[in-house]
Structures are given as C-alpha cells and as structure tokens.
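Structure first, then comments.
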Amino acid sequence: MKAFRIHGYGADPVIDTVDVPRPGAGDVLVRVAAASLNPLDVKLQRGYMQAFFPLTFPYMLGSDLSGTIEAVGDDVSGWRAGDRVVARTAPTSGGALAEFAVVPADQLVRLPDTISFERAAGIPTAAGTAWQALFEVAGLGAGQTVLIHAGAGGVGSFAIQFARQVGARVAATASGDGIAIAERLGADLVIDYRNQDFTKRVSDVDVVLDTIGGDTQARSYEVLRAGGFLASIAAPPDEAFAKAHGVEAAFVFHRSDAVRLATVVDKVAAGVEVLIDRTVPSRDAVAAFHHQASGRARGKILLTNAW
Ligand SMILES: NC(=O)c1ccc[n+]([C@@H]2O[C@H](COP(=O)([O-])OP(=O)(O)OC[C@H]3O[C@@H](n4cnc5c(N)ncnc54)[C@H](OP(=O)(O)O)[C@@H]3O)[C@@H](O)[C@H]2O)c1
C-alpha cells in the first residue's frame, strides 16, 4: 500500500510503498477513505514534539482518518468489516495518511451515513481540541463571552460554532477572507487582527481560547475579566503572569477520547460545519503538507484515498 512517511526529523515527507499492516489484539484495520492534516503533523516532522511524542522512523504521518473497517483483530467486539468509522490515532503511532491504518478499537467512533468520509476526516483533532479546551478545561457556559483566536483555522472554526451553540457570545480574530468565514460560522464580533488591536475591541471576556501563543497570548490577559480563564493550545501560559492579572490560565493538551469524538461527530451530524480549506487526492500529500505548514489554511486540509 501507499503511505506518506518521514524518515527522520526535518526530512521531507515522501510517499512510500509498504506492507499493509496487520491488526493486533484489540485493533482493527481500517481502509482509509479520507484523512486530514493538522499543524501537529508539521510539528512532529520538524522534531518540535520529541519530548512529548518521540517518533520511530520511518514514521507514517497523520492521525485523523475516516473509512471502513477492513478486518478486525482478536479480542474486538462490537465492530465488523464494512462498518463506517472515524478515529484519531495516537500521534506517536500516526498512520492515517496511508491506504490502510491500524486503529485501537477503543478509539473508533461510528460514522453516520449523513456525514461524508471527507468531512468526517476533518473532525477528530480540531473539533476534539476545541471541545476539550472550551468546555472541559475553561468551563465556558451560556451568557459568557469568549475570545477565539484564529477563528478561521481548524480549531477556531469549530470553537466558534460550539461556543455559539451553548449560548456564549463570541468574538474571534481573523484576517482577509477569514473575517467573512468567522462571521458566517457565527462569531458576533470578528476582529481583523492585522489591522486592529484586539485588546481595544473586547474587554471583560470570560474565556480566551489562545491558538497562537507568544505576543497574542501575552496581550490576551488584558481582555479577561477578573477571574477569567485563558486556555492555550499553542504555548504553556506563564502562571505568575496570569496570577498578576487575577485570572486563571492553563495549557490544553488534546488527548484522544472516543466519547468526546462521538460528541463532536454528533454535533456535525446536527449541522456544525466542517470548514474545509481544500480536498486533494493523497498523491498530492506533499503539496498539502506544505500548505498546512504555511499556517494560512482556512480550516481543514483533507486528503482522499487516491494515491
Ligand atoms: N495543544 C493541543 O493539544 C493542540 C491541539 C490542536 C492544535 N494545536 C495547535 O493550535 C494551533 C492552531 O491549530 P489549528 O489546527 O487551528 O491551526 P490552523 O488551522 O493551521 O490555523 C490557521 C489559521 O490561523 C490563523 N492565524 C495565524 N496567525 C494568526 C494570528 N496571529 N491571529 C489570528 N489568527 C491567526 C490563520 O489566519 P490568517 O491566514 O488570516 O493569519 C489561519 O486561518 C496550532 O499551533 C496547533 O499546533 C494544539
């Protein structure tokens, strides 16, 4: 089968021909219909995540996938060949950008017929992270205000919609055509971050979802109300800095969780949009990877199983 791999940190990804993997006990083999890229794939390739996710080479890229079950390993119940599924593999395992992927059965979520394989592949990491950060970590609720940075990005596009659904007021940052996208997804206020200082446009915010880090994170403390919450998925917040501003701050480390994934899949089935930057055949994975690395994507970059 074909697989999109790297042979070392910093090495350009290439399409290799490899054996179809065999599912071990507790695993299933999925015939991948679609996969999506994430900034994580780029950070893994660059070696930035070695301390958290040490890789073994050659490493098969990709953790978000959808498809049908091809074969079931020993000790797996409740799943059978032909089932439509969506899943997130562990980053150290990767393997989504291939014709077949081995997935632990406890990470599988059933995919309703109403969601295409392409849209499904865009859900796991981005939607799961948005959900974990907003609700499980920051405790966002009805009537609160949230500032979401990078509202036209993979995580931000889901975060805007989830936050609106629980009855929060949503401000988001974006630029260029991302502004109209963030508005369409439901943001009450979109701040053109390249031309406007977001700290002058919002104040007394209950929650900030920081997807950027650095100076954006540092300035975000100014817009929080006393006792507000900064949840960063980009860089660990400085606790002393947070304390000095009278707010709480936490780094959110997205962990795969099939229950959470099932929840966000249900949201998509009920109408939440998977913002798609582009859908390309897997044979164009190298170009797609470079586009992901640009940091300019408008939502998810999807790869269909066409090698
Ligand atoms: N901690 C975790 O577990 C976890 C999980 C998921 C993601 N992440 C991280 O979270 C970050 C966001 O992920 P993602 O999937 O949403 O990325 P993404 O889809 O690549 O985000 C791209 C978007 O970011 C926008 N952007 C770039 N700089 C910006 C700025 N200064 N202010 C506002 N918007 C800006 C871009 O808009 P413009 O082109 O208009 O600038 C673009 O639309 C990444 O660093 C990713 O690695 C962490």
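Brief remarks on what is shown
- Folded to 0 to 90 degrees: helix 154-165 orientation relative to the chain principal axis, Cα: 60 degrees
- Phi-based couplings in Hz for the stretch 214-223 (Karplus 6.51, -1.76, 1.60; Gly and Pro marked x): x, 5, 4, 5, 4, 6, 5, 4, 5, 8
- Each of 34, 8, 235 was scored by the projection of its Cα onto the charge dipole of the chain, and the greatest displacement toward the positive side belongs to 34; charges sit on the C-beta of Lys, Arg, Asp and Glu.
- Heavy-atom accessible surface of the chain: percent carbon and sulfur, 1.4 Å: 49 percent
- Entry note, the stretch 108-184: relative contact order of 28 percent, from Cα contacts under 8 Å with a spacing of 6+ residues.
- Solvent accessible area, Å² - residue 225, 1.4 Å probe, full protein context: 80 Å²
- Relative contact order for the stretch 126-251, counting Cα pairs under 8 Å that sit 6 or more residues apart, in percent: 22 percent
- Listed residues 17, 68, 89, most fluctuating in the chain (Gaussian network, C-alpha, under 10 Å): 17
- Mean residue ellipticity, 222 nm, helices only, the chain: the sum of -39500 (n - 2.57) across DSSP H runs of n ≥ 4, divided by residue count and rounded to 500, is -7000 deg cm²/dmol.
- Per residue, the stretch 196-307 exposes 46 Å² of solvent-accessible protein surface, assessed with a 1.4 angstrom probe and all protein chains in place.
- Taking θ as phi - 60° and the Karplus parameters 6.51, -1.76 and 1.60, the scalar couplings of the stretch 184-196 work out to 4, 6, x, 5, 6, 9, 10, 9, 6, 5, 7, 10, 10 Hz in sequence order, x denoting glycine and proline.
- The convex hull drawn around the Cα atoms of the stretch 229-276, when projected onto a plane and averaged over every direction, covers 4.9 nm².
- Antiparallel bridges, percent of DSSP beta bridges restricted to the chain (to nearest 5): 55 percent
- Its alpha carbons give the stretch 77-233 an Rg and a Dmax of 17.5, 55 Å.
- Calculated FRET efficiency, residue 110 to residue 25, Cβ-Cβ distance, R0 = 25 Å: about 0.75 to the nearest 0.05.
- Under 18 Å from the Cα of residue 43 - lysines, other chains or at least 8 residues apart: 300
- Inverse of mean 1/r across different Cα pairs in the chain, Kirkwood, Å: 19.6 Å
- The relative contact order of the chain, computed from alpha carbon pairs under 8 Å that lie at least 6 residues apart in sequence, is 18 percent.
The values are calculated or read from the model by the stated rules, or taken from the named source; none is laboratory data. In this text, all values refer to a predicted model and were calculated from it rather than measured experimentally. Every residue, glycine among them, receives a Cβ derived from its backbone with ideal geometry; neighbour counts consider all protein chains shown. Just so you know, the surface numbers come from the protein's heavy atoms only, side chains and all, with ligands and any DNA or RNA stripped out. Shrake-Rupley method; radii C 1.70, N 1.55, O 1.52, S 1.80 Å.
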